[in-house]
Amino acid sequence: MTRPVPVPDAQSAAFWEAAARHVLCLARCGVCGAFSHPPDVVCDHCGSTSPGFTFTPVDGQGAVRSWTVMRQSFLPGFEDLIPFVLVDVELTEQPGVRLIGRLLDGQAPRLRLGAPVRTVFEHIRPETAVPAFTLLEEA
Ligand SMILES: [Zn+2]
């Protein structure tokens with residue numbers, strides 16, 4: 001079984017194109033400069049209804065704010081991966097901007113609330129990659 005693949009739409013196409021090149025790009029509001037993820041028709045930050053979002057590369061570092069261990073596969077294509085850890089990460093780019101993905105370190109003993117991570121990419125097809133995370137060494 002293969003994993004489900006993202007189906008880009010007009011709002012998300014630039015995000016997925018960048019992800020395929022292993023670049024994390026987030027939508028930045030043309031009015032206030034804040035990031036909105038995922039972008040909606042209205043800016044989360046300033047409320048503009050014409051935010052003119054442009055996708056801007058970010059460094060992809062962040063801190064773990066929550067996680068869960070998946071022990072059962074609810075979707076096809078994940079059977080060989082369980083158990084795996086899904087982390088909810090707040091990106092350093094802007095408070096409140098979050099991304100959820102697999103932690104590729106497994107059930108690492110270093111995993112804790114606030115643990116620093118960086119974004120990496122998992123190729124699920126040759127032309128399709130999804131963001132995931134790996135723990136950073138702590139000083
Ligand atoms: Zn805005």
Practice prompt. State the number of residues belonging to the range 20-34 that are open to solvent by less than 30 Å² (accessible area, probe 1.4 Å) and more than 9 Å from the ligand (Cβ to nearest atom).
Written response: 4
Worksheet item: Going through the range 42-58 one residue at a time, which ones are within 12 Å of the ligand (Cβ to nearest atom) and in contact with a Ser or Thr (Cβ under 9 Å, 6 or more places away or on another chain)?
Response: V42, C43, D44, H45, P51, F53
Worksheet item: Can you find even one residue in the range 39-49 that is open to solvent by less than 30 Å² (accessible area, probe 1.4 Å) and touching a strand residue (DSSP E or B) at 6+ places or on another chain (Cβ under 7 Å)?
Response: yes
Worksheet item: Before we move on, is P57 closer than 30 Å to E137 by Cβ, free of Cβ contacts under 8 Å to residues at least 12 places away in the same chain and not hydrophobic (A, V, I, L, M, F, W, C)?
Response: no
Discussion item. Quick test for you: out of E17, E79, E90, pick the one residue that is more than 16 Å from the ligand (Cβ to nearest atom), at pLDDT below 95 and open to solvent by 50 Å² or more (accessible area, probe 1.4 Å).
Written reply: E79
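The values are calculated or read from the model by the stated rules, or taken from the named source; none is laboratory data. None of the values given here were measured: they were computed from a predicted structure. Note that each Cβ is placed from the backbone with ideal geometry, even for glycine, and that neighbours are counted across all protein chains shown. These accessible areas exclude ligands, DNA and RNA; they are computed on the full protein's heavy atoms, side chains included. Shrake-Rupley method; radii C 1.70, N 1.55, O 1.52, S 1.80 Å.
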